[in-house]
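*Asks:* Quick one: the structure is below, questions incoming.
The values are calculated or read from the model by the stated rules, or taken from the named source; none is laboratory data. Keep in mind that what you see is a predicted model, and the values were worked out from it rather than measured. Quick reminder, even Gly has a Cβ in these numbers, built from the backbone with ideal geometry, and neighbours come from all protein chains shown. Areas reflect the complete protein model, heavy atoms only, side chains present, ligands, DNA and RNA absent. Shrake-Rupley method; radii C 1.70, N 1.55, O 1.52, S 1.80 Å.
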Amino acid sequence: MSKFKNDLILRAARGEKTERTPVWLMRQAGRILPEYRAVRASLSGFKELVETPERAAEVTIQPVDLLGVDAAIIFSDILVIPEAMGLSYEMVEKKGPVFPEKIRSEKDIDQLHIAQPDELTYVYQAIDLTVKDLDGRVPLIGFAGAPFTIFCYMVEGSGSKTFSKAREMLYARPELAHRLMQMITDSTIGYLKGQIEAGANLVQVFDSWAAILSKSIYREFSIPYLKQICDALDGMVPVTLFAKGANFSIDDLAALNCRTIGLDWNVPVDFAKANAGDKTLQGNLDPAVLYASGRDIAKHTEKMLAAFGNHPHIANLGHGVYPDMKPDAVRTFVNTVKEYRHE
């Protein structure tokens with residue numbers, strides 16, 4: 001007997017047959033919801049929201065109530081890990097994250113440490129509060145950034161189209177890159193275990209900048225660290241890997257100890273099914289579809305669902321919700337998934 005009133009996403013993640021496809025959205029907690037913006041406006045900024053457990057729990061639960069999704073995802077940020085390691089960041093309006101200090105040398109890495117659980121207590125407290133408030137309605141997803149993606153921000157110092165400084169280190173000083181990536185990995189494993197102990201029912205690892213690498217370099221600098229994370233969490237909760245743009249590496253990801261592989265909207269579904277083995281697939285509607293009319297949103301959503309057929313599937317967008325999208329468009333997507341039944 002499940003402890004959840006709705007455990008569809010957990011069963012789908014385990015590869016079990018479900019009566020319908022479960023659905024949630026990346027970046028569902030925030031952005032598009034007026035209720036989120038009201039909470040955000042009452043605080044000094046994004047980081048205060050992340051670091052205030054009561055408010056983070058509040059905005060985590062909002063999309064469950066307001067959009068009808070089948071899972072909550074804890075409101076946080078992937079960059080809490082470098083901050084806990086000793087490299088603080090600022091969230092600059094309309095620019096994104098900025099690191100005043102960057103990692104460019106051995107000496108810089110010497111200033112860091114492996115993040116300890118008590119440095120991220122505010123995330124665990126938010127998870128604990130969220131689980132209590134959800135009261136078994138739906139499962140809660142925890143998450144972290146993949147070591148390579150975190151590495152990119154720590155070396156580059158901000159977002160980038162090319163991450164040329166980060167990629168330079170991979171080629172010019174690979175030993176340095178591996179040393180930093182291992183520290184990030186060790187920090188992330190402890191962090192995700194802490195989230196699970198606090199009550200997260202499944203976890204997702206976001207490799208947001210996977211697309212900037214070739215298959216061989218991704219295999220050298222990302223896959224081994226993702227493997228360590230998956231192996232460390234094996235038997236605890238289902239793990240989802242979402243490597244945006246790494247369509248070339250679905251076979252490598254499928255060989256890891258994860259349960260679900262997230263897909264961006266550029267991956268042909270047949271290609272993913274052919275390369276993912278028995279893994280559950282998650283995705284992969286183009287987020288821009290949600291700018292269309294309600295009728296067209298439903299049509300494109302149904303076409304996506306039909307493409308996955310009876311392969312274990314969790315419906316989602318191929319990336320996060322865009323800030324200017326209408327909540328009603330998101331509800332149309334969610335409701336279409338919930339009403340759809342495979343032949």
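*Asks:* Hey, rough spin-label estimate for residue 38 and residue 107, points 7 angstrom out along Cα→Cβ, what's it come to in nanometres?
*Replies:* 5.2
*Asks:* So what's the back-of-envelope 222 nm ellipticity for the chain, counting only DSSP H runs of four-plus at -39500 (n - 2.57) apiece and dividing by all residues, rounded to 500? Walk me through the numbers on the way to the answer.
*Replies:* Details: 16 runs with 161 residues, N = 343.
One gets -14000 deg cm²/dmol as the mean residue ellipticity at 222 nm.
*Asks:* Chymotrypsin sites (Phe, Trp or Tyr not before Pro) within the stretch 260-343: which are DSSP loop residues with at most 16 other Cβ atoms inside 10 Å? Don't jump to the answer; show the numbers that get you there.
*Replies:* Numbers: sites: 265, 271, 291, 308, 333, 340; in loops: 265, 340.
Taking the stretch 260-343 and a limit of 16 other Cβ atoms within 10 Å, the loop chymotrypsin sites (Phe, Trp or Tyr not before Pro) found are 265.
*Asks:* Shifting gears a bit: Taking the Cα atoms only, what angle lies between the long axis of helix 327-339 and the longest principal axis of the chain, rounded to 10 degrees?
*Replies:* Long axis of 327-339 versus the principal axis of the chain: about 60 degrees.
*Asks:* Figure the gain on full extension for residue 88 and residue 331 (residue separation times 0.36 nm, minus the Cα-Cα span) and round it to one decimal in nm.
*Replies:* 83.8 nm
*Asks:* Under 8 Å for C-alpha pairs, at least 6 residues apart: give me the relative contact order for the stretch 175-259, rounded to a whole percent.
*Replies:* About 38 percent, as a whole number.
*Asks:* Can I ask one more? Per residue, how much accessible area does the chain show when a 1.4 Å probe rolls over the protein heavy atoms, in square angstrom? Mind dumping the intermediate values first?
*Replies:* Numbers: 14050 Å² over 343 residues.
That works out to 41 Å² per residue.
*Asks:* For residue 215 paired with residue 291, estimate the spin-label separation in nm (one decimal), with each label point 7 Å from Cα along the Cα-to-Cβ line.
*Replies:* Taking the simple label geometry, residue 215 and residue 291 are separated by 3.3 nm.
*Asks:* Given Cα pairs under 8 Å that are at least 6 residues apart, what percent is the relative contact order of the chain?
*Replies:* Relative contact order comes out at 21 percent.
*Asks:* Restricting attention to the stretch 1-94, which GluC sites (Glu not before Pro) occupy a DSSP loop and are surrounded by at most 12 other Cβ atoms within 10 Å? Write out the running numbers ahead of the final one.
*Replies:* Numbers: sites: 16, 19, 35, 48, 51, 54, 58, 83, 90, 93; in loops: 16, 19, 51, 93.
Sparse-neighbourhood loop GluC sites (Glu not before Pro): 16, 19, 93.
*Asks:* If one computes the Cα centroid of the stretch 250-290 and of the stretch 147-168, what distance in Å separates the two points?
*Replies:* 24
*Asks:* Summarise the accessible area of the chain (1.4 Å probe, protein heavy atoms) by the percent that is carbon and sulfur. Don't skip to the end; give the middle numbers.
*Replies:* Details: 7020 of 14050 Å².
So the carbon and sulfur contribution to the accessible surface is 50 percent.
*Asks:* Using square roots of five times the C-alpha gyration tensor eigenvalues, list the equivalent-ellipsoid semi-axes of the stretch 1-113 in whole Å, biggest first.
*Replies:* Over the Cα atoms of the stretch 1-113, the ellipsoid semi-axes are 33, 20, 11 Å.
*Asks:* Whose amide H sits under 5 Å from the amide H of residue 313, counting only residues 5 or more places off or on another chain, with H placed in the peptide plane?
*Replies:* Sorted by chain and number, the residues that satisfy this are 281.
*Asks:* Okay, next question. In debye, nearest 20, what is the charge dipole magnitude of the stretch 269-343 about its Cα centre with +1 on Lys and Arg Cβ and -1 on Asp and Glu Cβ, if you could check?
*Replies:* Its charge dipole is roughly 100 debye.
*Asks:* Take the chain, mark every one of the trypsin sites (Lys or Arg not before Pro) that falls in a DSSP loop and has at most 11 other Cβ within 10 Å, then report the longest stretch left between them, sites excluded.
*Replies:* Numbers: sites that count: 3, 5, 17, 94, 95, 161, 341.
My reading of the result: 162-340 is the longest stretch.
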